[in-house]
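The values are calculated or read from the model by the stated rules, or taken from the named source; none is laboratory data. Computed from a predicted structure; not experimentally measured. Here the Cβ positions follow ideal geometry from the backbone for every residue, glycine too, while neighbour counts run over all protein chains shown.
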Amino acid sequence: MNDIEAAAAPGALQGQNLMLVITTYNRSGYLKGLLDSVRALRPAPTAVVVVDNASTDDTPGIIAEAAAQAPFPVLHHRLATNTGGAGGFAAGMERALAEGADWLWIMDDDVTAVPGALAALAPFTEQYKCLHGRRWDAAGRPFFWQHRFVDFLGVHLPVPGDVFRDSPVFRTNVGCFEGMLVHSSVVREVGLPDARFFLGGDDSTYGWLISQTHEVAYVDAYVLSKARPQRQINLGIRHLNDSSDLSRFYSMRNRGLVAQYLRTRGRYAPAGFALGTLLTAGKEVLRLVAVERSVSGLPALARGWREGRRIRRDPTWQPMPPLTGAAR
């Protein structure tokens, strides 16, 4: 089946248990907006799993309100400690599998679903078991998300131009947990996202792991809107958003985990990876200077670099195992 035929197909979602998995932490206002938008979807998901990363705000009340109003189950999966986005999605996807999900729709709490989102994605599910729809940014403009992971460098780089000019599908090899739709069989084969990432890089690496055995698609269908505005600059080929010291730390620290995953596939090139690490650090410095007008985040980058090097040199490190054969 070619891309045009896939866009016209009826889709593989009918009669399937599609569960939405949300991870949240102390952002009850954004979470409410997302749950309200999901409640209005037609067709709607079978159920929603909300992973509450030990929030201290009124998140439990927002989830309880949604559970009382939604025409489908809203499951409150509360964790004892904040495990970050990576740990939250790992826990939520495991819960969704235990609840019998056939498809898992993964997303952060600071987006909203576009009306008709699942109907727009459905035709592509005949051919692809891991796909992403398009997003609007908080200002109502198309959100840039078109990258490919370069094994030699260990980084994902932006792809310029209109990737949908000749086809409604752009094949990539990275993932994004702001809207990834993935089949349960793929999750069992690859395993859960690696909670050790905590924040950042978990989704792109997970998409890369999936791409080793399955096509990963970015499709020309708008399904989400970003609700949280961010400061940004336009670099022409892409936008660069503001960040935080926590994110900066993990952007460098998680390089160690990426290196280890590359090793598991025989794709680790020391010289290329070192260059990719320099490029990552340079991007973060540019983000600090050009977007945030500050250099106060440099110590966080340095700490992350040191911790990433320690992880990369750990001879006892092991990847996340597959779940193939696990009971539903």
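Quick notes
- Of the helices (runs of 4 or more DSSP H) lying entirely inside region 20-133, those containing at least 3 residues that are without any contact (Cβ under 8 Å) to a residue 40 or more places away in the chain are 28-39, 59-69.
- Single unsatisfied condition, residue 72 versus (1) over 21 Å from the mean Cα position of the chain (by Cα); (2) crowded, with 20+ Cβ neighbours inside 10 Å; (3) not acidic (Asp, Glu): (2)
- Residue in region 241-249 that is over 22 Å from residue 97 (Cβ atoms) and modelled with pLDDT of 95 or more present: yes
- Scan region 260-297 for residues that are over 28 Å from residue 320 (Cβ atoms), hydrophobic (A, V, I, L, M, F, W, C) and buried (at least 16 other Cβ atoms within 10 Å of the Cβ) and the total you get is 2.
- Of all the residues in region 267-318, those that are among the polar types (S, T, N, Q) and over 14 Å from residue 251 (Cβ atoms) number 4.
- Residue count, region 298-328 (criterion: among the small types (Gly, Ala, Ser), farther than 30 Å from residue 99 by Cα and loosely packed, with under 15 Cβ neighbours inside 10 Å): 1
- Test: residue in region 73-91 that is closer than 24 Å to residue 200 by Cβ and of a type in the set (Lys, Arg): yes
- Index of the failed condition, residue 281 passing every other in (1) touching a Phe, Trp or Tyr at 6+ places or on another chain (Cβ under 9 Å); (2) hydrophobic (A, V, I, L, M, F, W, C); (3) closer than 21 Å to residue 206 by Cβ: (3)
- Selection count, region 250-302, where residues are assigned to a helix (DSSP H, G or I) and of a type in the set (Asp, Glu): 1
- Condition met for residue 188 (modelled with pLDDT of 95 or more, assigned to a helix (DSSP H, G or I) and in the same structural domain as residue 108 (by TED's automatic domain parsing)): yes
- Looking only at region 141-157, and only at residues there that are in a loop (DSSP other than H, G, I, E, B) and touching a residue at least 40 places away in the same chain (Cβ under 8 Å), the one that is farthest from residue 87 (Cα to Cα): 152
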